[in-house]
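Trainee: Handing you this structure, nothing more for now.
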Amino acid sequence: MSVQEISKNQLRRMEDQEGLILQGCGGDLQEWVDGINEILTEEGILKKGAKFEEAYSFQHDGLTCLLFPFKEGLELDVQKLAVWRLQTHPNFGGTWLSDYVPNRLGGFVQEQKQEPVKPDCPLIGQNGNIINLMGIAGRTLREYGMEDQAKEMFNRITQCQSYDSALNIIGDYVNITSAQQTEEMSMDMC
């Protein structure tokens, strides 16, 4: 296991995670990780042979800090860890990730979820047969490198029960335009 260096901005994007942060970790960081794993095992905090497999280092206020993330499946006695953290705070400056980021780094930042890009697809004025429309939309998606979305769209359409539902599904994947609108948009971009 190696210690991965991360930025404070990366740390601020970990709102959905929890972990133990130790502050002022000088020297060889791998020795810190090995030592903390050993101490927490001896204290009965890490159970059933568990250990922190990942650790992240970052710099803040002139200190090297280590984050030990609580990963799924980690056998950990959180109550004992909380007591240990408080008892050893003068030595390690231990705190939780969920406390450190809001109190020391200004809070977590939300990832902006972007709407999936939907390419323009000239379906208006085409033969209204749903197989034809599905083929045109699928071809458009593949042209934009969206092969998985084309397959997903096809599977959804073949499971639906009505023409209107099928058109709505196509609209979930592409912006339905006319051939004329698509040409005008292309000309505007030149």
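Trainee: Any idea which of LEU66, LEU40, LEU20 is over 21 Å from LEU105 (Cβ atoms), at pLDDT 95 or above and surrounded by 12 or more Cβ atoms within 10 Å (Cβ to Cβ)?
Mentor: On the way: LEU66 fails: over 21 Å from LEU105 (Cβ atoms); LEU20 fails: over 21 Å from LEU105 (Cβ atoms).
Residue meeting the stated conditions: LEU40.
Trainee: Then there is this: Pairs needed: first member in the stretch 48-66, more than 14 Å from GLY93 (Cα to Cα); second member anywhere, of a type in the set (A, V, I, L, M, F, W, C) and in a loop (DSSP other than H, G, I, E, B); C-beta distance under 6 Å; at least 6 residues apart or different chains.
Mentor: Short answer, once both residue conditions are applied: ALA50/LEU74; GLU53/MET1; TYR56/ILE6; PHE58/ILE6.
Trainee: For ALA179, are the conditions met, namely being modelled with pLDDT under 90 and either within 14 Å of LEU133 (Cβ to Cβ) or not assigned by TED's automatic domain parsing to the domain that holds ILE136 (or both)?
Mentor: Spelling it out, ALA179 is indeed modelled with pLDDT under 90 and either within 14 Å of LEU133 (Cβ to Cβ) or not assigned by TED's automatic domain parsing to the domain that holds ILE136 (or both).
The values are calculated or read from the model by the stated rules, or taken from the named source; none is laboratory data. Here the structure is a predicted model, which is why all the values come from computation and not from measurement. Positions of Cβ are backbone-derived with ideal geometry, glycine not excepted, and every protein chain shown enters the neighbour counts.
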